[in-house]
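Quick note: the coordinates plus some simple rules give every number you see, no bench work behind them. Everything numeric in this text was worked out from a predicted model, so none of it was measured. Ideal geometry is used to build each Cβ from the backbone, glycine not excepted, and the neighbour counts take in all protein chains shown.
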Amino acid sequence: MLLQFLINGFITGILYSIAAIGFALVYNTTRIFHIAAAAVHVVAAYIFYSTYHILGLPLVLAGIISTLLSALLSILCEWCVYRPQYIKNASINVIMISSIGLMTVLINMVAMYFGNETKILNNNIQATYTWGTLIVTHPQMLQLIFGGIFIIIFVFFVRYSRFGLRINALSNNPILFETLGFNIYITRTYIFALSGIFLALNSCLSAYDIGINPYTGMPLFINAMVAMIIGGVGRFDACILGGISLGILQSFLVYYFSANWQNAITFLLLLLFLFFRPQGILGYKKRTV
Amino acid sequence: MEYILHIIIILNIYILLVLSANLPIGMSNLLSVAQASFYGIGAYLGAFFLIKFQLPFIVIALFTMFLTGVSSLIVSFASVKLKGDYFVLATLGFQMIIFTILYNWVEVTGGSYGIADIPHIQLFGKVEVTGVYGYFVLTTFLSLLIIFLFIYLKQSPFGRIIKAIRTDEIAVAALGRNPVSFKILTFFISAAFSGLAGMIYASYVSYIDPTSFSIDESIFILCALFIGGIGNVKGPIIGALFIIIIPELLRFIGLPDAVAANLRQIIYGLILIIIMYFRPQGLWGETVLK
């Protein structure tokens, strides 16, 4: 039984890690508090819903379409809102408020078009895989496989590819990055696209499992953010550690305690980390300005 | 007529909320997203006192304001300890914890069922404030009082010091003032008036449930504040006016109900984006958020 909760928590944790990567890609490099990520997540889920459920495309194709379109949406967020503000040299908090506005607009457009109710993607009883007492459902298996593959690819990509190096450079020192002749706008565009891809991936995987409604964005966003803070700001592999530990912790909370208080304890954890170890588990100490 | 009075009552409550949100955010540059939690704490405490005790309005209001103010100490602790984004995150955490408590502590707060049949406010002795007219007079009086109070606060030594903290905290400390105590006081006053707004709301509507005090409400208050403008007194009032009047105007266009709520939010969001780009200090504000 304990093992079952561990594996459930682990799979939820993988989902959190993916979302946290999507958020951290933007936050670490540009310091934008990308609240509109919640909206990208929701839009991706609805694109997946319309292609898979309404148009009846195959699962993987629907996922790919949704991922690409959300990458596009994420780029549009950057082009239409963040980049003009960046050029104007606006403060981080002003950009954050714009991001709140952007989130409100996008989520309500989705809600207006599709309605507020929860939509379920597959009505049949989910197939399961059993090993002894362990039970893993089919959507969970997909989450484990796809999520795991993408996380591993991402870790290697950030560490060893040329573009990963650029992401790290940009997050370390944007002015030096620009001085050395790299185009900051192009790099930012790619980063936003990548962020959109990860957010959409998370969105499709969880939509296939538990269905969608327009208001799932904010809770997921908050969990992803907590995962990022716990793991450590400034590092991408820390998101994975943070996400997985958060997932396992929440799962055990449900087992020992009660599901009602899951959120309160998550945020208590966030506050404790902010007060006593703001750099996270893996992060290195640096001064916040 | 009663419809207009109702709108004015809600407007007065929001003027209270947005003005008190302006105190930490606009005056001392601490972007707190926990304003709705103080509103909620005030509403629940007020409801509790109104139901349990038959005390005059002023006593209950002072109690509610004091206790809500005490609850803000956690946030002011965070404001001393954390800077920038981390402070925003901490207030977000506080907001979510309060919401979860209101939602899940069923024995005390009634959980998602909320609290119903909250009695009306009793002024001195046994004069009960009832109906739209009573609340109209009461809230208009209170909001005028508080507008004047904030105008006074802004030019008082206290207001000048918190504005100085907004500009340069280290310089304030170097000149011999303790920024910590001023931050604590800022949040205390802000939370106290949000709590008062919550208490009036609870007794006016006579039913409260946690969804009125969620993170969305915080964002709504922030929208009003940033559209109106931060840092002075007229900005927040304009913001509250704007955000309450717009949906009523939309009502007259004759949109279907299903679309109206979402469309309203879309309009707020768009206005927020546009204002943050072209006029980051808001329609009538004094400073830009750093």
Worksheet, complete the sentence: Residue ranges of DSSP H helices in chain A that stretch 24 Å or more (Cα, own long axis) and have mean Kyte-Doolittle hydropathy of at least -0.5 are A:2-30, A:59-77, A:92-114, A:138-160, A:184-210, A:236-256
Discussion item. Modelling each spin label as a point 7 Å along the Cα-to-Cβ direction, I'd like the residue B:216/residue B:144 distance in nm, to one decimal.
Written reply: 3.5 nm
Discussion item. If exposed means no more than 11 neighbouring beta carbons inside 10 Å and the site is in a DSSP loop, what's the longest run of chain A without any exposed trypsin sites (Lys or Arg not before Pro)?
Written reply: A:1-284
Worksheet item: When Cβ neighbours within 10 Å are restricted to other protein chains, what is their mean count per residue of peptide B:75-83?
Response: 2
Worksheet item: Classify region B:7-84: rounded, prolate or oblate, from the alpha-carbon gyration tensor (a ≥ b ≥ c, eigenvalue square roots; a/c under 1.5 rounded; otherwise prolate if a/b is larger than b/c)?
Response: oblate
Worksheet, complete the sentence: The answer for chymotrypsin sites (Phe, Trp or Tyr not before Pro) in region B:15-78 that fall in a DSSP coil and have at most 11 neighbouring Cβ atoms within 10 Å is B:53
Item to complete: With a length cut of 18 Å (Cα positions projected on each helix's long axis) and a Kyte-Doolittle mean of at least 0.0, go through chain B and give me the DSSP H helices that pass.
Response: B:2-22, B:35-52, B:57-71, B:84-104, B:131-155, B:179-205, B:215-228, B:234-253, B:257-278
Item to complete: Calculate the dipole size of chain B relative to its Cα centre from +1 charges on Lys and Arg beta carbons and -1 charges on Asp and Glu beta carbons; express the result in debye to the nearest 20.
Response: 920 debye
Worksheet item: Are there chymotrypsin sites (Phe, Trp or Tyr not before Pro) in region A:227-272 that DSSP marks as loop and that have at most 12 other Cβ atoms within 10 Å, and which are they?
Response: A:257
Worksheet item: If you keep only loop residues by DSSP, which trypsin sites (Lys or Arg not before Pro) in region B:57-140 have at most 12 other Cβ atoms within 10 Å of their Cβ?
Response: B:126
Response to the item:
Note to self: C-alpha centroids of region A:130-165 and region A:175-203 sit apart, in Å, by 22 Å
Item to complete: Mind sorting A:199, A:142 by how few other Cβ atoms lie within 10 Å of their own Cβ, fewest first?
Response: A:142, A:199
Worksheet item: Which shape class applies to the protein assembly as shown: rounded if a/c is under 1.5, otherwise prolate when a/b exceeds b/c and oblate if not, where a ≥ b ≥ c are the square roots of the Cα gyration tensor eigenvalues?
Response: prolate
